[in-house]
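The values are calculated or read from the model by the stated rules, or taken from the named source; none is laboratory data. Only a predicted model underlies this, so the values are computations on that prediction, with no experimental measurement involved. Quick reminder, even Gly has a Cβ in these numbers, built from the backbone with ideal geometry, and neighbours come from all protein chains shown. These area figures cover heavy atoms from the full protein model, side chains too; ligands, DNA and RNA do not enter into them. Shrake-Rupley method; radii C 1.70, N 1.55, O 1.52, S 1.80 Å.
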Amino acid sequence: MSVLVVGSLALDSIETPFGSVTDAVGGSAMYISAAASYFINPIRLVGVVGGDFPKEGFAFLEQRKIELEGLQVVKEGKTFRWSGRYHYERDTLSTDLNVFESFDPVIPDSYRKSRCVCLGNIDPVLQRKVLDQMEKPRVVICDTMNYWIDRKMKELRDTLRLINVLILNDSEARLLSREPNLIKAGRVIRGMGPSVVIVKKGEHGALLMTEQMVFSAPAYPMENIFDPTGAGDSFAGGFAGWLARTDDMSEENLKRAVIYGSTLASFCVERFGVEGISDLTYLQIQDRFREFKELSRFDED
Ligand code: AMP
């Protein structure tokens, strides 16, 4: 299955207990497309950057063989910027939409038949505009965050009606559903449109919920999380990449996709920014996937 990825391309300034970076290449589309590219080609990107987007950013995407026909470069504009600080949780320090404020996502003709659409965390109005231009995708996977739940709830609910899989973290699931219990929250959110809801719980793993099942995926036990930025998007990319590679939406395969998502997220947080997912081998991914399997395997007696 060909994959279309839409999302932010960003310059991130990040502070963690291990160090800090300024204007590092990031953004939801960057992480999603890189993570998915380990499983399937082509990955087609739609997004926008300003004239200040650095050469390394383009080089990174090219190295991962991402198709860039849908990438708009607004020479006189500034790239989306985000800054955050991590202590036990994450604080967003600033969000400057810049070129995203006037972004009109135009899907190139050659992208319109993509069968898997992955809507990274951006304005739900833009996510909707993308879907309006697609020709019957087989699966639409969507990510969002508190920034949009707080500001664009109505528009987000319109988008949710059109998607199959929603991926969000625990606090976002509570905010969106107004329900503190995550199982009940999953049910409320499924009532908004997506038949599959995945709630990420950071270092406590992830919950996959459909009408018939709740699957609890373990988290990879890590002592040092170098930089959590992009973990959620790498998860979404690994999940989407595996589904697209296998073209199988069965419950067993959704579980595998969640573990591949967790695998890519675990590599992501081991290094700063996109570095952790810049240069993996398929063998490394397989080895860690198997470690995940061992983590929750036990004998009955
Ligand atoms: P994650 O850690 O997976 O939730 O995603 C981190 C990435 O999301 C960073 O690279 C940011 O540039 C990007 N990001 C943060 N806030 C927003 C926002 N409001 N809209 C789009 N992308 C964002």
| request: Could you work out the relative contact order of the range 3-295, using alpha carbon pairs under 8 angstrom and six or more residues apart, expressed as a whole percent? | output: 17
| For the range 44-178: rounded, prolate or oblate by the Cα gyration tensor [a/c cutoff 1.5] | oblate
| When ranked by the protection proxy of mean other Cβ atoms within 10 Å per residue, highest first, what sequence do the peptides 186-194, 31-39 form? | 31-39, 186-194
| note | Quick shape check on the range 134-182: root eigenvalues a ≥ b ≥ c of the Cα gyration tensor, a/c under 1.5 is rounded, otherwise prolate if a/b tops b/c, else oblate, and it reads prolate
| query | Which whole-Hz ³J(HN,Hα) couplings does the range 186-192 yield from phi under the Karplus relation 6.51 cos²θ - 1.76 cosθ + 1.60, θ = phi - 60°, glycine and proline marked x? | reply | x, 5, 4, 5, 4, x, 8
| Going from most exposed to least, what order do TYR220, TYR260 have by accessible area with a 1.4 Å probe? | TYR220, TYR260
| query | Taking θ as phi - 60°, what are the ³J(HN,Hα) couplings along the range 13-28 by the Karplus curve (6.51, -1.76, 1.60), each to the nearest whole Hz, with x for Gly and Pro? | reply | 10, 10, 10, 10, x, 9, x, 8, 9, 10, 6, 7, 5, x, x, 4
| How would you classify the chain from its alpha-carbon gyration tensor, with a ≥ b ≥ c the square roots of the eigenvalues: rounded for a/c under 1.5, else prolate if a/b is greater than b/c, otherwise oblate? | rounded
| task | Rounded to whole Hz and in sequence order, give me ³J(HN,Hα) for the range 283-296 from the Karplus expression 6.51 cos²θ - 1.76 cosθ + 1.60, θ = phi - 60°, writing x for Gly and Pro. | result | 5, 4, 5, 4, 4, 5, 4, 5, 4, 4, 5, 5, 4, 10
| What residues have an amide H closer than 5 Å to that of ILE43, excluding those fewer than 5 places away on the same chain, when H is modeled at 1.01 Å from N in the peptide plane? | GLU67
| Hey, what number do you get for the chain at 222 nm if only DSSP H runs of n ≥ 4 count, each worth -39500 (n - 2.57), divided across all residues, to the nearest 500? | -10500 deg cm²/dmol
